[in-house]
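Heads up: the structure comes next, in structure tokens.
The values are calculated or read from the model by the stated rules, or taken from the named source; none is laboratory data. Keep in mind that what you see is a predicted model, and the values were worked out from it rather than measured. Cβ sites come from the backbone with ideal geometry, for glycine too, and all protein chains shown count toward neighbours. For the accessible areas, the whole protein counts, side chains as well, though only heavy atoms, and no ligand, DNA or RNA atoms are used. Shrake-Rupley method; radii C 1.70, N 1.55, O 1.52, S 1.80 Å.
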Amino acid sequence: MIHTDILIIGAGPVGMFTVFEAGLLKLRCHLIDALPQAGGQCSEIYPKKPIYDIPAYPEVLAGDLIDNLAAQIKPFEPSYTLGERAETIEKQEDGDFIVTTNRGTKHKAPVVFIAGGLGSFEPRKPPIENIASYEDNGVEYIIRDPEFYRNKRVVISGGGDSALDWSIFLADVASEVSLVHRRNDFRGALDSVEKVVELSKQGKINLITEAEVKEIHGEGHVNSVTIKHKSEGNIVKECDHFIPLFGLSPKLGPIGNWGLDIEKNAIKVNNSLDYSTNIPGVYAIGDVNTYPGKLKLILCGFHEATIAVQYAYKLINPDKKYVMKYTTVGGVEGFDGTKKVAKKSEVIKINIEPEVPVLEI
Amino acid sequence: MSDITIHIKDREGKQHQVLAPTDMAMNLMEVVRSYELAAEGTIGVCGGMAMCASCQCYITSDHDIPEMGDDEDIMLAEAFHVEDNSRLGCQIPITEHLDGLIVELAPE
């Protein structure tokens, strides 16, 4: 069981900044994210895109914004549960919440901040009629352990980096690898594309372009797929596994079943006060929340995090007095023992005897 | 500058006739969102960077649409339900000569 003061669901920019504001109030944070790395959409979807509306940054790459946030919150020693999706929330008799992930990791905290953006990133599933019935029976959207495919016949579909990289990797593991892509060109890194073409020439990857997997067959487990080729028509390909790799897209997911007020795929909060949800002790900040006039902007999420943390403090420390302190005054004292503080201004005394005016009477 | 009229068939098959301003640097995806013709969170997920295909639509009138850029082409290569007339709404700026445009939103 992981114990913390504020449990943050979603390690995007807003969740990360919460760690800073909470740290100023001596509150410790733990973050859960379904992605294997922090940064949310900024890292996963558009790390190389410039953002122009972060105050005081005329231009910053999304990836750099995340790197800077990581540096900013480092003194407050955030801990993470990455690659796991928050699945359930339970209120305990002592008032704390227990949040459990899809992998069974349990987290206990008096306050939960949902900074889930548009939801957790999940694999995009191709629209093949019976695909759901083959999930974990030969259809996998994520490769967890490549050894699983040793000496198996594998069909991979997709045209991006992960489809290319896994085709290359599995070429030495699986007994047969087919890569199916709708186009003749690939958008992956040049090295990967060249390697796939080379392996294809060596007969190690069966490259099927201008084609799409349309059907899956097999009794209880995949034993073949039908590939529709642009000019050659349908091809039935025998295989043990079909791995569609079409990237990830965000889904609100299990949070939608936590009893929170949901409107337009977002969590309703009280924006006139504290960004609290209808569940006392649970706050929602950033793109995941909604209220009249809501703007899904990183800068708005930073504001929401700052306000909500003040109320979380009061909830955790009902009898403790506190007033907000400027970092220019109080500095930043990390949990790691570091302390950043403004330099004291230098005072230089001038030791010159003042001239005594002679008074004429 | 004046508004233009766009005909949009939503994902449930319902027809809408909407007015879109040509002087607000809007794109087709944003027009759909401004009229709430698709549920929030199911369209414009990436914000309009041609990186998610959630705004895919089919252009059914013969308007002269700006040519597809590489980003859009690459994204559509990975999208589902793609047809010959598929485009990403976020890559179609609203301009005066799109008056009368007829589009259909692709399935989610």
Next on the checklist: Under 8 Å between Cβ atoms, which residue pairs at least 6 apart in sequence (or on different chains) link something in region B:80-108 that is of a type in the set (Lys, Arg) with a partner that is in a loop (DSSP other than H, G, I, E, B)?
Outcome noted: B:ARG87/B:ILE65; B:ARG87/B:MET68
Checklist outcome for this item: Here the qualifying pairs (Cβ atoms under 8 Å; residues six or more apart or on different chains; first in region A:44-64 and within 13 Å of another protein chain (Cβ to nearest Cβ) and farther than 19 Å from A:GLY117 by Cβ; second open to solvent by less than 50 Å² (accessible area, probe 1.4 Å) and of a type outside the set (D, E, K, R)) come out as A:PRO50/A:VAL60; A:PRO50/A:ALA62
Checklist entry - Counting only residues that are assigned to a helix (DSSP H, G or I) and either within 13 Å of chain A (Cβ to nearest Cβ) or open to solvent by 10 Å² or more (accessible area, probe 1.4 Å) (or both), how many does region B:62-108 have? => result 13
Checklist entry - What number of residues in region A:157-182 are open to solvent by 20 Å² or more (accessible area, probe 1.4 Å), closer than 18 Å to A:ILE216 by Cα and either among the acidic types (Asp, Glu) or at pLDDT 95 or above (or both)? => result 1
Checklist outcome for this item: Quick count over region A:118-135, residues being within 11 Å of chain B (Cβ to nearest Cβ) and open to solvent by less than 20 Å² (accessible area, probe 1.4 Å), is 3
Item to check | strands (runs of 3 or more DSSP E) enclosed by region A:56-156 - at least 3 residues per element that are touching a Gly at 6+ places or on another chain (Cβ under 9 Å) and at pLDDT 95 or above | outcome: A:86-91, A:111-114
Next on the checklist: Among the residues of region A:239-287, what is the count of those that are under 22 Å from A:GLN92 (Cα atoms), aliphatic (A, V, I, L, M) and open to solvent by 30 Å² or more (accessible area, probe 1.4 Å)?
Outcome noted: 1
Checklist entry - In the set A:GLY233, A:GLY218, which member is over 29 Å from A:SER120 (Cβ atoms) and in contact with a helix residue (DSSP H, G or I) (Cβ under 9 Å, 6 or more places away or on another chain)? => result A:GLY218
Checklist outcome for this item: Taking region A:21-44 and keeping residues in contact with a helix residue (DSSP H, G or I) (Cβ under 6 Å, 6 or more places away or on another chain), open to solvent by less than 20 Å² (accessible area, probe 1.4 Å) and either assigned to a strand (DSSP E or B) or under 13 Å from A:PRO78 (Cα atoms) (or both) leaves A:ALA22, A:GLY23, A:CYS29, A:LEU31
